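Chemist: I have a structure I would like to understand better, so I am pasting it below and will then ask my questions one at a time.
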Amino acid sequence: MKKINNIRDIQIEKMQLRIRQLEQERNLSTRWAELKSDLDPRTLFEKIKLPEKNNESLKSTLISKGLDIGAGIVSKKLTEFTGRKIETAIQKGFGKLAAKINAGLRKKS
């Protein structure tokens, strides 16, 4: 960075920095779009080039594995959700039971 002597130098430096920022933002946007395109499942399937007789079985295997993984994720989330609900219900039940026991003990004393 060169030495700044007056306001005009500051303005020129600001413009240069703004230009560099816009170029970097454009490059980042382009790279992000390319990355999203490369990771798109349709693009991945198109890039797989095998002999035609194995291509269909590979696609069905990949789809099957993808569904297995998805089902595993959904079942894990469902289990966590129901576990929290059951835990809450049990805590409420024990809370009511403890309140009844305390009320019974107060009556005896």
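The values are calculated or read from the model by the stated rules, or taken from the named source; none is laboratory data. Bear in mind the structure is a predicted one, so any value in this text is a computation, not a measurement. Positions of Cβ are backbone-derived with ideal geometry, glycine not excepted, and every protein chain shown enters the neighbour counts.
Chemist: If I go through the range 2-44 residue by residue, how many of them are assigned to a helix (DSSP H, G or I) and either farther than 30 Å from Ser60 by Cα or in contact (Cβ under 8 Å) with a residue 60 or more places away in the chain (or both)?
Modeler: Step one: filter the range 2-44 for residues assigned to a helix (DSSP H, G or I), giving 7-39, 41-44.
Within this subset, residues satisfying the condition of being either farther than 30 Å from Ser60 by Cα or in contact (Cβ under 8 Å) with a residue 60 or more places away in the chain (or both) are 7-31.
Count: 25.
Chemist: Could you tell me which residue of the range 57-100 is modelled with the lowest pLDDT, considering only residues that are among the basic types (Lys, Arg) and within 30 Å of Asp40 (Cβ to Cβ)?
Modeler: Step one: list which residues in the range 57-100 are among the basic types (Lys, Arg), which gives 59, 65, 76-77, 84-85, 92, 96, 100.
Adding the requirement that they be within 30 Å of Asp40 (Cβ to Cβ) leaves 59, 65, 76-77.
Numbers: Lys59: 70, Lys65: 83, Lys76: 85, Lys77: 86.
Per the criteria, the residue is Lys59.
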